[in-house]
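The values are calculated or read from the model by the stated rules, or taken from the named source; none is laboratory data. Everything quoted here is computed from the prediction, not taken from an experiment. Reconstructed Cβ throughout: ideal geometry from the backbone, glycine too, with neighbour counts over all protein chains shown. Surface areas here come from the heavy atoms of the whole protein model, side chains and all, with no ligands, DNA or RNA. Shrake-Rupley method; radii C 1.70, N 1.55, O 1.52, S 1.80 Å.
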Amino acid sequence: MSSSSTIADNQTSTPSSESGGSASGDGSRLGLKDEAKSAVRAAGNAAREVAHQARRQSNEAVEKARSEVSMFMNRQKDRVANRFESYRGAVEAAANKLHEDGSDLSCDCARDIQDRFERASRHIRSRSVRELGDEMSEYARRRPDVFFGGLLLAGLIVARFLKASAGRTDDEAGDRALPDEQDREMAAPDATE
């Protein structure tokens, strides 16, 4: 009788046994569910942190690249302005020589060109790279014939310069090869005798 009363007591004391588990089993299941939820939350937080770090690093890399490009473009802008200054100096020297020679009309033209180089140099120095790009785009829209004509002329000048530079290098190489050819020609008669 004691065993049947114990079974009856178990059935009445643990109503959760009918729903599929004992009280201690439910506790361990709830603990596992909490642990799983906590692990999912931790994984989600870790994934968000990794994504945040990746975004931050990519933003830093983009910003660094922009900064380097900006520095490069500003150096190039300064080089162009310096080049215009040197052209202005050369034209000024030519204008002075023309004035000494009494060629007033030519001297006036040279002074006008000198003034244009000086204004161009000041203009380039006073603008940002972005402003200069915007101005060039606007000019290309207003006067495409002049803009593309200028590009064509600049391309021809660069091509001519490169061709002249390549020719000079070939000539130098040819001059160095010449003694070898002479040595072979001088050695050739000995071989036929």
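Assorted remarks:
- When the stretch 97-108 is filtered for residues that are surrounded by fewer than 14 Cβ atoms within 10 Å (Cβ to Cβ) and in a helix (DSSP H, G or I), the ones remaining, listed by number, are K97, E100, D101, D104, L105, D108.
- Residue in the stretch 44-63 that is modelled with pLDDT of 55 or more, among the aliphatic types (A, V, I, L, M) and touching a helix residue (DSSP H, G or I) at 6+ places or on another chain (Cβ under 6 Å) present: no
- Any hit, the stretch 113-128, residues being open to solvent by less than 90 Å² (accessible area, probe 1.4 Å), farther than 23 Å from V69 by Cβ, part of a helix (DSSP H, G or I) and acidic (D, E): yes
- Out of A120, A81, A94, sole residue that is touching a helix residue (DSSP H, G or I) at 6+ places or on another chain (Cβ under 9 Å), more than 20 Å from L132 (Cα to Cα) and not polar (S, T, N, Q): A94
- Condition check for R143: at pLDDT 90 or above and over 22 Å from E85 (Cβ atoms): yes
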